[in-house]
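Trainee: Can you read through this structure? Questions will come right after.
Quick note: the coordinates plus some simple rules give every number you see, no bench work behind them. These figures come from a predicted structure and were not determined experimentally. FYI the Cβ positions are ideal-geometry reconstructions off the backbone, even for glycines, and counts take in every protein chain you see.
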Amino acid sequence: MDHFEYRNGELHAENVPVSEIVRRHGTPCYVYSRATLTRHYQAFDRALAGVDHLVCYAVKANASLAVLQVLARLGSGFDIVSGGELVRVLRAGGDARKVVFSGVGKTAAEMKQALVAGVGCFNVESEAELLRLSEIAAGLRKRAPVALRVNPDVDPKTHPYIATGLKQNKFGVEMSAAEPLYRRARDLPGLEIAGIACHIGSQVLELQPFLDALDRVLVLVDRLRDRGIPFTHLDVGGGLGVRYQEENPPSPSELAGAVLARLAGRKLKILMEPGRAIAGNAGVLLTRVEYLKSTPDKNFAIVDAAMNDLLRPALYDAWHAILPVTETTAAPKRVYDVVGPVCESGDWLGRDRELAIAPGDVLAVRTAGAYGFAMSSNYNARPRAAEIMVDGKQFHLIRARESLDDLLRGETLWPG
């Protein structure tokens, strides 16, 4: 469920007509619903009620400060993968003690930054990373709480670019190496074993891959406890899918219920890392039709948003619903490829869409709240879009549209 709906032929974000946002802030722009972010976070939090738990929003899905602020005020934890994301979480009012630091390539500087901030846990993904973290923590006279992210070699049945739990992926420690590495971590200076983590991928649409991975991890948990290596928490990862078209993913309560059933009798704090499932349907990308162009083979709707604004279609062949902001146009329905102005044939937002549109109309690209602005760029020297947060009858500019001067800031001409 989200809070974008038509009323009298006009798309609304909560109680705000989307056309009013466009009038004030132009296009392209991203629009987020605070009520939807809140509802989706609370769906996970309530699903785990009754057990010790922490919902750690995956910041990479949408790292906008105001989005993080909404979640921090709800009590959310955060899953980060860079020092920059840590800065954003703290600037937004997040609690460092509720942060888990994941990622395969943590630098020494990022480790120091996170240790000084006091993050709740480092999800360690290799022996080399474990040794570096031990050295840095000991040098700072601190103890780094660690969990090994294990790779269960489970197929999440998702796009190969966002599968992370197979043995050919770069993520995590293989299961056979985990036990000796935990024994080593127990004896290394500067480390404190806190838990075990697993994450198999993103946009996972079935329960069984989650449960297959969990079953393999629990075998390891029991074996390690028998050998005197206890844990305080189990991080089951994130990756629950959302509906873009006809998908029917499990609900947060279905996922949590299945996970908790597997954990009966084990006293472990549960961490879960949803990102897309919180932010995805909480945002839309608004774009204006500049031209309609017809050839003998295709009709093109050329819009002012492009692959630099929303990369997912070009990168993943991803499907997003594209709808007119106003349904009252008298234009005839035709089948269009919705494309942008970037100089790439891969610059498209949707293919073969039946739309009744005219130049000047505004379109809403749905389910763009996750991996939308977060993956945007300045390719073709294009300023990045504005971001807007809607809250009931009000809306607020949470990121100003970049100017052309912004594109040049930090650059200099060659002095020769």
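Trainee: Direction-averaged shadow area of the convex hull around the Cα atoms of the chain, nm²? Provide the component values of the computation, followed by the final result.
Mentor: On the way: hull surface 92.8 nm².
Result: a mean projected hull area of 23.2 nm².
Trainee: In region 184-277, how does Rg compare with the Kirkwood Rh, expressed as the Rg/Rh ratio over alpha carbon atoms?
Mentor: Numbers: Rg = 14.9 Å, Rh = 14.4 Å.
Ratio of gyration radius to Kirkwood radius for region 184-277: 1.04.
Trainee: Now a separate question. Rg and Dmax of region 103-272, using alpha carbons, in Å: what are they?
Mentor: Both quantities, over Cα of region 103-272: 16.3, 53 Å.
Trainee: Using unit Cβ charges (K, R positive; D, E negative) and no other charged atoms, how large, in debye to the nearest 20, is the dipole of the chain about its Cα centre?
Mentor: Details: 50 positive and 49 negative charges, 231 e Å.
The dipole of the chain has a size of about 1100 debye.
Trainee: Hey, another quick one. Which links in Lys112/Lys269; Lys60/Lys333; Lys293/Lys393; Lys298/Lys393 stretch past 31 Å when you go from one Cα to the other?
Mentor: Working: Lys112/Lys269 26 Å; Lys60/Lys333 37 Å; Lys293/Lys393 37 Å; Lys298/Lys393 40 Å.
Violating the 31 Å Cα-Cα cut-off are Lys60/Lys333; Lys293/Lys393; Lys298/Lys393.
Trainee: Among Asn15, Phe210, Ile270, which residue has its Cα positioned farthest towards the positive end of the charge dipole of the chain, with +1 placed on the Cβ of Lys and Arg, -1 on the Cβ of Asp and Glu, and the dipole taken about the Cα centre?
Mentor: Working it through, the farthest residue towards the positive pole turns out to be Ile270.
Trainee: Multiply the residue gap between Arg141 and Val116 by 0.36 nm, knock off their C-alpha separation, and tell me the result in nm, one decimal place. Write down the numbers at each step before the final one.
Mentor: Working: separation 25, 0.36 × 25 = 9.00 nm, distance 1.05 nm.
7.9 nm is the gain from fully extending Arg141 to Val116.
Trainee: To the nearest 10 degrees, how steeply does helix 108-117 sit against the main Cα axis of the chain, on a 0 to 90 scale?
Mentor: 80
Trainee: In degrees from 0 to 90, rounded to the nearest 10, what is the angle of the helix 34-47 Cα long axis to the longest principal axis of the chain?
Mentor: So the inclination is approximately 30 degrees.
Trainee: So how do Ile278, Ile200 line up by other beta-carbon neighbours within 10 Å, fewest first?
Mentor: Ile200, Ile278
Trainee: Toward the positive end of the charge dipole of region 243-395, about the Cα centre and with charges on Cβ (Lys, Arg +1; Asp, Glu -1), which of Trp319, Ala256, Val303 goes farthest?
Mentor: Ala256
Trainee: Let's test the formula: R0 of 22 Å, r as the Cβ-Cβ distance of Glu246 and Lys333. What FRET efficiency results, to the nearest 0.05?
Mentor: Working: r = 21 Å, r/R0 = 0.95.
The computed FRET efficiency comes out at 0.55.
Trainee: To continue, here is another question. To make sure I understand, if each residue's beta carbon is the centre and we count other beta carbons within 10 Å, what order do Arg243, Arg227 fall in, fewest to most?
Mentor: Details: Arg243 15, Arg227 12.
Starting with the residue having the fewest Cβ neighbours, the order is Arg227, Arg243.
Trainee: Still on this structure: Pull up all non-local amide H partners of Val173: gap of 5 or more, or a different chain, and H-to-H distance under 5 Å with H placed in the peptide plane.
Mentor: Those qualifying (amide H under 5 Å, at least 5 residues apart or on another chain) are Arg149, Val150, Asn151.
Trainee: Looking at the chain as a GNM with Cα springs under 10 Å, which of Leu311, Leu363, Leu263 has the largest mean-square fluctuation?
Mentor: Of the options given, Leu263 has the highest mean-square fluctuation.
Trainee: Provide, as a two-decimal number, the C-alpha radius of gyration of region 85-127 over 2.2 N^0.38 Å, N being how many residues it has. Display every interim value, and only then the final one.
Mentor: On the way: Rg = 10.1 Å, N = 43, 2.2 N^0.38 = 9.2 Å.
Working it through for region 85-127, the quotient is 1.10.
Trainee: Show that you can apply the helix-only estimate: for the chain, add -39,500 (n - 2.57) for every DSSP H stretch of four or more residues, divide by all residues, and state [θ] at 222 nm to the nearest 500. Intermediate values should be presented prior to the final figure.
Mentor: Values: 12 runs with 121 residues, N = 416.
Result for the chain, helices only: -8500 deg cm²/dmol.
Trainee: Sticking with this one: About the Cα centre of region 269-318, how large is the charge dipole given +1 on each Lys and Arg Cβ and -1 on each Asp and Glu Cβ? Please answer in debye to the nearest 20.
Mentor: With Lys and Arg at +1 and Asp and Glu at -1, about 160 debye.
Trainee: Putting +1 on Lys and Arg Cβ atoms and -1 on Asp and Glu Cβ atoms, find which of Pro359, Ala185, Ala385 reaches farthest to the positive end of the dipole of the chain.
Mentor: Of the listed residues, the answer is Ala185.
Trainee: Please state the relative contact order of region 248-311 as a whole percent: Cα pairs under 8 Å, 6+ residues apart? Present the calculation step by step, with values, prior to reporting the outcome.
Mentor: Values: 27 pairs, mean separation 12.0, N = 64.
This gives 19 percent for region 248-311.
Trainee: If neighbour count is taken as other Cβ atoms inside 10 Å, put His320, His12, His396 in order from fewest to most.
Mentor: On the way: His320 22, His12 19, His396 11.
Ascending Cβ contact count within 10 Å gives the list His396, His12, His320.
Trainee: Separate question: Taking only Cα atoms, what is the 0 to 90° angle, nearest 10, from helix 127-139's long axis to the longest principal axis of the chain?
Mentor: Helix 127-139 and the main axis of the chain meet at about 70 degrees.
Trainee: Still on this structure, I have one more. Given H placed on each backbone N at 1.01 Å, which residues far from Ile398 in sequence or on other chains put an amide H within less than 5 Å of it?
Mentor: Hits under the 5 Å cutoff: Glu387, Ile388, Met389.
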